[in-house]
1. How many residues does segment B:309-332 hold that are of a type outside the set (A, V, I, L, M, F, W, C), part of a helix (DSSP H, G or I) and in contact with a helix residue (DSSP H, G or I) (Cβ under 6 Å, 6 or more places away or on another chain)?
2. Any residue at all in segment A:208-228 that's among the hydroxyl-bearing types (Ser, Thr, Tyr), surrounded by fewer than 24 Cβ atoms within 10 Å (Cβ to Cβ) and within 7 Å of another protein chain (Cβ to nearest Cβ)?
3. Hey, any hits in segment A:156-178 for a residue that's more than 10 Å from chain B (Cβ to nearest Cβ), buried (at least 19 other Cβ atoms within 10 Å of the Cβ), of a type in the set (Phe, Trp, Tyr) and in a helix (DSSP H, G or I)?
4. Could you list all residues from segment A:380-403 that are at pLDDT below 90, aliphatic (A, V, I, L, M) and closer than 24 Å to A:Phe338 by Cα?
5. Please work out which residue is surrounded by the fewest Cβ atoms within 10 Å (Cβ to Cβ), limiting yourself to segment A:404-418 and to residues that are among the hydrophobic types (A, V, I, L, M, F, W, C) and either touching a Gly at 6+ places or on another chain (Cβ under 7 Å) or outside any helix (DSSP H, G or I) (or both).
6. Is it true that some residue in segment A:335-348 is surrounded by 20 or more Cβ atoms within 10 Å (Cβ to Cβ), at pLDDT 95 or above and either assigned to a loop (DSSP other than H, G, I, E, B) or away from chain B (no Cβ under 12 Å) (or both)?
7. Give the residue that is farthest from the chain's Cα centre (by Cα), with candidates limited to residues of segment A:234-255 that are facing another protein chain (nearest Cβ under 7 Å) and without any contact (Cβ under 8 Å) to a residue 24 or more places away in the chain.
Amino acid sequence: MSESEIKKGVRELSPLDIYMLLPRTNCGKCGEKNCMAFAAKVVNREVPIELCTPLIEEEKYRSQYAKLKDLLAPAVKEIVIGAGENSVKVGGKLVMYRHELTYHNPTPIAIDVTDEMPDDELLKRVKEIEDFTYDYIGRTLRLDMIAIRSTSNDPDKFKSAVEKVAGATNLPLILCTFNPEVMKAALESVYERRPLIYAATRENWRDMAELSLMYNCPLAVFVPNDLSLLKSLVNTLIEYGVEDLLLDPGTFPEDGLSETINNFTMIRRNACKGDDKLLGFPLIGVPMTVWLNKEANKEVLQWKEAYLAAMLMTRYADLLIMHSLEGWVLLPNVILRFNLYTDPRKPVSVEPGLRVFGNPDENSPVMFTTNYALTYFTVESDIKSAKIDCYLIVVDTGGISVESSVAGRILTAQTVADAIKKSGVEGKVKHRYLIIPGLAARLSGEIEELTGWRVLVGPRDSSGISAFLKEKWPPKNA
Amino acid sequence: MGEKEKGEKEKNSEGGGIIKLGPKLLELLSKLGEIELENVEINAEELEIWVPSFVPSAITAQPPAPAAPAPPKVLVEKPAEISKIEFKPLIQTYPGRIIEVQLGATKAEGGSRGKTVKIGGEASPSFYLFEETPPNPPAISADVFDMKISLPKALRMHIQDVMEDPAAWAKLAVEKFNADMITVHLISTDPLIKNTPPDEASKTIEEVLQAVDVPIIVGGCGDPKKDAEVFKRVAEVAHGERVMLSSLTLDMAEAGILGEVAEAAKKHGHVALAFTAIELNRAKELNRRLYEYLPKDSIVMDLTTAALGYGIEYSFTIHERARLAALSGDEELQHPTSSGSTNAWAAREAWMKLGSKWEPRELRGPLWETITALTMLLAGVDMFMMMHPAAIHTVKEVINNLLARGKAKPEEIADWITVKM
């Protein structure tokens, strides 16, 4: 069976599939002109089906609504950890590969603390976790959760540590102990925060299930490297009445890596392509298992934890529990997460307009590029690293690269002319020379005609800007 | 490491505490035995301190379960035992398979390489080990430049003594960094740099071919016309060696010179790396043009590797799509792929000072390259062009770990919650 055949069998929806189950009255209550337009947005997950109020309110649509809910259910269940504003959604994956639609709910990263840390150390670490931020393409990247481990195995100690953490932060919590008694002590205090209970195992599952039901908190299931047992336990827990589950099939560092990656991949394949409901729950990766190796040097373990986290994120982990709080370990991971969870349907773009680099004067070069984020940031980086004083006009191409926007007639002499006018650069320089991207060379003539500026065709790659300017700037006949 | 760590610190002439971590990490990762980098000597005896083994930790006996904490919410019969369900992985068979490409040729095959490398041959997505163990482990080629170039310190510190001697550089990369292949980037041929003529450039290739016995990849300067001239000459000089020319492009086709380069590759028994910029239709178009000249087992694709943080998601997805399409039967995409993972260093986060919170850069940089490569590995890439020795070492180790099945020991992680740092 080919990839596409399986996919179709499971959840390749067309707007028509949705439309047939809608009221088809074109009432417009959802804000769309008609039911077909609404169906198209629903199928792309741009709007929730609940915007169709008649479907929910009117008795006669009840079975259609149920069918739609089923049709639209993600292959991986979405679980909420935390309460109210201070919660994270985990899982909710509709597809196995991001190009099939997009990935939802970026993998939250939880950092561990223990119930045996001295108070000041504990609170300091919590604050460090909260304060971790990095600004990237205009977004602030952060850490998401705190995993409190009971290393003491003492109910009072755990309860006390959990209370302290809960008092110090609003971040969602993961309570980690395999001892139900210890778990219960902490849950009594913080169950309203809806922490994740980590974890039910083949030994303690009944007690953990009771706690999950009693306190209405999601439950992690930990069964290392035994997918039959994992699946059996999930089935049993569902029969027991627990609905919100997360799965930890075990993170094995070092030479157990093949099993780790293989297990995560098999589970996600079965959930997304085989409609295996028992495995359709979010996956927990625990890169901090590298720290079980007590003999290795600290930097080596941080290094290993860093790349293990990245591999797990790429291979379907929906939540990560980590130990390293070092910036160099976490930075590539929060950026990789941002990258992988970017919607592949929407080109990432930056604000169009004039950018000023260094200290340009009236004789400085004027260049343009497009507002595709990758293009823009590459050009920006090249200009900055070469320490060039210049003006850069960012033309609005709807977030499309130079080559594609020229081919698609989005970047034209007219859009360039408009961008020059709008930028106000004409009042900032006394020359009229415009350096254009090499990939837009074919627009040279038209731009000159339309704007009256002389065009210099720049390099095809912005890495060549520096060399180009050395040779060609200032223009010889200026 | 205690005292010895202090010793290292004192011996380290440059930059104090933070800087030393770079080479130290490499040493620790590499277990290379006695080598010297930036005045930091670590011998084998010290390295024994770091042996990757777990401290076996007994599974904590579960205490007796407490009395049921609350009456059940719903009065249904709850299971008392785990009901057994068997897990069966969903196995697919694919109509397509990736072509196997050999790089380098032995004496018997008409070249002079002591080692050759085969890539490709997969009949399943990347490391879907439940379907197939990849027939050939992905390989790593270390970057060497034909002139001194400006590099971030984290890279430079490992190669600074050989930066003006490509042959010595190649030797270091093979012997110390354990590279499977060498890519010689003939950037000095760039008309905007030194405009080194083809004859001189091909001498560099000859020197490297003599210095090491692994397969060689010949990198151009990016100017299609100049690259064509250089590649034609190199193809002749390296006759029979099955080098890979990096790269052949649609720009060459536009300039009407693709055919002559591809013909030279064919005539002298080499491989072409077909480069396109994150666009599968163009990748297919370039391959179709190359089929006019070259056998299919002499084409590798470079679909572009953008750095982590600088568009890696586009590269990841284009490779994943290409591989799935190839396996589903798209013959024009059934070629192994190469990733220029050294591109990771284009990201400012790989090398720039970002403040003390994000230091040391000597670790952040190679980690950036490592994660860029590993992300591409999981998308299906078959060979990597890399630079930092710690990144090369780690990616090789990960590949080995991924290929070693059946080594997960549940008891070793069963009690991870209580691990004390």
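The values are calculated or read from the model by the stated rules, or taken from the named source; none is laboratory data. In this text the structure is predicted, and so the values were computed from the model without any measurement. Heads up, the Cβs are rebuilt from the backbone with ideal geometry, glycines too, and the neighbour counts pull from every protein chain shown.
1. Step one: list which residues in segment B:309-332 are of a type outside the set (A, V, I, L, M, F, W, C), which gives B:309-311, B:313-315, B:317, B:319-321, B:323, B:328-332.
Restricting the remaining residues to those that are part of a helix (DSSP H, G or I) gives B:313-315, B:317, B:319-321, B:323, B:331-332.
Filter once more, keeping what is in contact with a helix residue (DSSP H, G or I) (Cβ under 6 Å, 6 or more places away or on another chain): B:313, B:317, B:319-321, B:332.
Going through segment B:309-332 one residue at a time, the tally reaches 6.
2. Restricting attention to segment A:208-228, the residues satisfying the condition of being among the hydroxyl-bearing types (Ser, Thr, Tyr) are A:212, A:215, A:228.
Next, from what is left, pick out any that are surrounded by fewer than 24 Cβ atoms within 10 Å (Cβ to Cβ): A:215, A:228.
Checking the rest, the ones that are also within 7 Å of another protein chain (Cβ to nearest Cβ) come to A:228.
Checking segment A:208-228: at least one residue is among the hydroxyl-bearing types (Ser, Thr, Tyr), surrounded by fewer than 24 Cβ atoms within 10 Å (Cβ to Cβ) and within 7 Å of another protein chain (Cβ to nearest Cβ).
3. yes
4. A:Ile400, A:Val402
5. Residues of segment A:404-418 among the hydrophobic types (A, V, I, L, M, F, W, C): A:406-407, A:410-411, A:413, A:416-417.
Adding the requirement that they be either touching a Gly at 6+ places or on another chain (Cβ under 7 Å) or outside any helix (DSSP H, G or I) (or both) leaves A:410-411.
Values: A:Ile410: 16, A:Leu411: 29.
Looking at residues that are among the hydrophobic types (A, V, I, L, M, F, W, C) and either touching a Gly at 6+ places or on another chain (Cβ under 7 Å) or outside any helix (DSSP H, G or I) (or both), I get A:Ile410.
6. The answer is no; no qualifying residue exists.
7. Out of the qualifying residues, it is A:Glu239.
Each row is one residue, and each column tells you yes or no for (1) among the basic types (Lys, Arg); (2) surrounded by fewer than 24 Cβ atoms within 10 Å (Cβ to Cβ); (3) over 18 Å from A:Phe252 (Cβ atoms).
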{"position": "B:Arg348", "(1), (2), (3)": "yes, yes, yes"}
{"position": "B:Trp351", "(1), (2), (3)": "no, yes, yes"}
{"position": "B:Trp358", "(1), (2), (3)": "no, yes, yes"}
{"position": "B:Glu362", "(1), (2), (3)": "no, no, yes"}
{"position": "B:Pro366", "(1), (2), (3)": "no, no, yes"}
{"position": "B:Glu369", "(1), (2), (3)": "no, no, yes"}
{"position": "B:Phe384", "(1), (2), (3)": "no, no, yes"}
{"position": "B:Ala391", "(1), (2), (3)": "no, no, yes"}
{"position": "B:Ile399", "(1), (2), (3)": "no, yes, no"}
